[in-house]
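To start, the structure itself, in structure tokens.
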Amino acid sequence: MTANRWTLILLLAAGAAVGGWFFASGELVDPPKAAAAAPATSPLAQPLPHTAASEPAASAAVRAPAPVVAASASAPRIGSEGYGAHIESAQAGSNATAAWEAVRWLRNCNTTEARRQSFERVRTHGIEPELMTQLMVEVDAEARRCQTVTARHQALLPELAARAMRAGVPEAAAAYANAVFPGGLTASQRQEVADALRRDARAGDVQSLIGAAQANEAWGLSDAERLAFLAAYGQTPGHPGTGINVKVFAEERVIRLQAPPTPEQLAAAKLAGQQIVERARANAQP
């Protein structure tokens, strides 16, 4: 196996630790979709507590600067009741931060078994055995907290993600896009999600960058946008994907492109990605 392949595996394993990507049987695959549990009517068609009723179009809430709601700095203490009761509380309330916390729990619960298998497989290959063992211990603890999460809770994920997306929570748009079928939405609803994906990725949020790069083609993001977001992801310091080879990721179909990227497209993506990172760094300065 090539060095690039091992790099991909390590990156995927690290991403799986936060409920992102995983691989099975030695092949790269997509994270499981929650679309099957999604309600027949898209939550985007429903008025949310923080969405102005007078907005002329659904996409207006995304095109305008959205108030950014930070992820919870101190999640509620989870005891023997597990996540189920806390997810219900988040759904009944109107707090976008609580809604996003619930989305994170649901996504993690949806991937506990696959993540454990991934970590075990990597450990079997002798790669970072101590780290993989620790990750297996952590995912086992997560699985215990997930025991009170039912299919009814999982069906709430699109609604909760939509609420967080409209509040400007980073990564929420990617979570929503990954939880529904684009074909089940109207054109204006698909545009709202696409705008939110672009907004979060262009802001330089790490998980939003990779989420937008991997989003279903039906959301309408171009190859140039996907490559730029992936390049920015690889140029953002301090996470497992820093320094990735965009060309290799495209070849491994970690992102789906309409055609293999040309050298000119890769060069343009590198520059666009660098601009995203620089803007994010400048915006983060006090």
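Every number here is computed from the coordinates shown, using simple stated rules; none is lab data. Model, not experiment: these values are computed from the prediction. Cβ placement follows ideal geometry from the backbone for every residue including glycine, while neighbour counts extend to all protein chains displayed.
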**OP:** Within the set of other residues whose C-beta is less than 12 Å from the C-beta of Q147, count the net charge using Lys and Arg as +1 and Asp and Glu as -1.
**Re:** -1
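Exactly which GluC sites (Glu not before Pro) in the stretch 211-286 are in a DSSP loop and have at most 16 other Cβ atoms within 10 Å?
Loop-located and lightly packed - E252.
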Subject >> Neighbour-limited loop hits for GluC sites (Glu not before Pro), the stretch 83-191 (at most 12 other Cβ within 10 Å; DSSP other than H, G, I, E, B) >> reply: none
